[in-house]
2 protein chains.
Amino acid sequence: MRIFSVVGRKNSGKTTLIERMIPFFKAKGLRVAVVKHDAHDFSIDHEGKDTWRVRKAGADEVIIASGSQMAHMRSLPAPMEVGELLSHLASVDVVILEGYKRLNFPKLVVLRDASELFDMRLDGDPSVTAYVLRRAPNAAPPDSAVPRFWADEVERIAEFSWKKAREMTDEDIPVKQQTIYPASSIHHRASSIEHPASAVGHRA
Amino acid sequence: MRIFSVVGRKNSGKTTLIERMIPFFKAKGLRVAVVKHDAHDFSIDHEGKDTWRVRKAGADEVIIASGSQMAHMRSLPAPMEVGELLSHLASVDVVILEGYKRLNFPKLVVLRDASELFDMRLDGDPSVTAYVLRRAPNAAPPDSAVPRFWADEVERIAEFSWKKAREMTDEDIPVKQQTIYPASSIHHRASSIEHPASAVGHRA
């Protein structure tokens, strides 16, 4: 299981980027998970459906399963550590985190303009792996040695992220996260898949 | 974790019964889960939401988490055994299964009329614990020694189900289910909660 994250302000284009990268990973034969942090209280499920009704009636956990999919909804007494969230995933090869900007995984920062980097207090953060900027006539990339991409360079961004995620060793994962999420479970199932070095790069 | 199931034909009132029993268990201080089998392919989540978009883009698993709840949606290569579904539940005291009529857990059968029992091939099934019938002028209860309740006797039904679920010993669980769902994980956290015997009963 290899992990990287996509962070950015609200409406910066995080979901669009993730959405467009997924087919790239799927085409490599990888199983993909997305783990999204929601700062507010999300609503899921359709009002009036059975699952919605029993949740509303007070069920702490609800699972619905068919032959081809399952969904599990639960109330939490306290916020869950990302390591515990990850432990729920079955056999996925790549995990794209959305919105966990304080965790030490390789990080794409989606920016509408350079000032947002400072607003998010991510300037100088060593886990920032690349900036992703919207292509615009007056786009001003941050003045930094960090690689940068235009948001429409989806394949290059995905290839680069996957390379960075695979470079991360167990030692790079903070102790607290290692405890929750044992290093041994970060396996190498997908390591035999071809990744042409020539396709990996960043803007000079 | 104590388990019982509610089975019945489509639109027989299973969800309504479950929905009405939940507050009874919650009032006892129990943590409640509902696990629903869906014969068709359910849809969950709202079209256009971020989680919906990344699922549609091909993500095999999607988790969304806030400080107070989480939802986990995943595609399954093959139907999941109920034991594995149950292993996803955290610390719940009572699990209400909806629609797993072939499993050997105490079973409430919700009937619109007695003939449905034969349609479902549940006549003579020893795991059938009680019949639940809609109160109607011409309601014909099945001719059997199995206890029966009217659907509006929610508290009596819940009390009875809880008693039956607690009576089930590890030996009652079929070997296959024991393997998937170790007996040791069927714990007794809630056993100290008061259950007045006088409130438990069934129609004479």
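The values are calculated or read from the model by the stated rules, or taken from the named source; none is laboratory data. Being a predicted model, the structure only gives us computed values, none of them experimental. A quick note on method: Cβ atoms are made from the backbone with ideal geometry, for glycine too, and the neighbour counts reach across all protein chains shown.
Considering only segment B:35-45, how many residues are farther than 20 Å from B:Val95 by Cβ and facing chain A (nearest Cβ under 7 Å)? Final tally of qualifying residues: 3.
Quick check on B:Gly67: is it assigned to a loop (DSSP other than H, G, I, E, B), at the interface with chain A (Cβ under 7 Å from one of its Cβ atoms) and in contact with a helix residue (DSSP H, G or I) (Cβ under 7 Å, 6 or more places away or on another chain)? Considered against the rule, which asks whether it is assigned to a loop (DSSP other than H, G, I, E, B), at the interface with chain A (Cβ under 7 Å from one of its Cβ atoms) and in contact with a helix residue (DSSP H, G or I) (Cβ under 7 Å, 6 or more places away or on another chain), B:Gly67 comes out as no. Yes or no: A:Met80 within 13 Å of chain B (Cβ to nearest Cβ) and farther than 23 Å from A:Lys14 by Cβ? Taking the combined requirement at face value, the residue does not satisfy it.
Hey, among the residues in segment B:28-61 that are of a type in the set (Lys, Arg) and assigned to a loop (DSSP other than H, G, I, E, B), which one's nearest to the chain's Cα centre (by Cα)? Before the answer, list the steps.
Here is the first cut: in segment B:28-61, the residues of a type in the set (Lys, Arg) are B:28, B:31, B:36, B:49, B:53, B:55-56.
Then drop every residue that is not assigned to a loop (DSSP other than H, G, I, E, B), which leaves B:28, B:31, B:49.
Numbers: B:Lys28: 18, B:Arg31: 14, B:Lys49: 30 Å.
Checking each candidate, the answer is B:Arg31.
Residues in segment B:13-29 that are among the aliphatic types (A, V, I, L, M) and facing another protein chain (nearest Cβ under 7 Å): B:Ile18, B:Ile22.
From the list A:Ser127, A:Ser68, A:Ser75, A:Ser91, the lone residue that is farther than 26 Å from B:Val34 by Cα and among the hydroxyl-bearing types (Ser, Thr, Tyr) is A:Ser127.
Taking segment B:129-138 as the search range and keeping residues that are touching a Phe, Trp or Tyr at 6+ places or on another chain (Cβ under 8 Å) and surrounded by fewer than 20 Cβ atoms within 10 Å (Cβ to Cβ), which one is farthest from B:Arg102 (Cα to Cα)?
Residues of segment B:129-138 touching a Phe, Trp or Tyr at 6+ places or on another chain (Cβ under 8 Å): B:129-135.
Restricting the remaining residues to those that are surrounded by fewer than 20 Cβ atoms within 10 Å (Cβ to Cβ) gives B:134-135.
Details: B:Arg134: 23, B:Arg135: 27 Å.
Once the filter is applied, the top-ranked residue is B:Arg135.
The set of residues from segment A:72-97 being aliphatic (A, V, I, L, M), touching a strand residue (DSSP E or B) at 6+ places or on another chain (Cβ under 6 Å) and over 30 Å from A:Ile157 (Cα atoms) comprises A:Met73, A:Leu76.
Whether a residue is touching a residue at least 60 places away in the same chain (Cβ under 8 Å) and either within 9 Å of chain B (Cβ to nearest Cβ) or crowded, with 24+ Cβ neighbours inside 10 Å (or both) was assessed, and A:Val32 passes this test. More than 20 Å from the chain's Cα centre (by Cα), over 26 Å from A:Arg9 (Cα atoms), modelled with pLDDT under 90 and not aliphatic (A, V, I, L, M): does that describe A:Ser144? In short, no. Selection of first residues in segment A:100-111 that are assigned to a loop (DSSP other than H, G, I, E, B) and of second residues that are modelled with pLDDT of 90 or more and of a type in the set (Phe, Trp, Tyr), restricted to Cβ pairs under 8 Å at least 6 apart or on distinct chains, gives the following pairs, ordered by first then second residue: A:Phe105/A:Phe4; A:Pro106/A:Phe4.
All conditions but one from (1) outside any helix (DSSP H, G or I); (2) touching a residue at least 40 places away in the same chain (Cβ under 8 Å) apply to B:Leu86; the one that does not is (1). When each of B:Thr179, B:Thr129 is tested for being modelled with pLDDT under 95, β-branched (Val, Ile, Thr), at negative phi and part of a helix (DSSP H, G or I), the lone residue that passes is B:Thr179.
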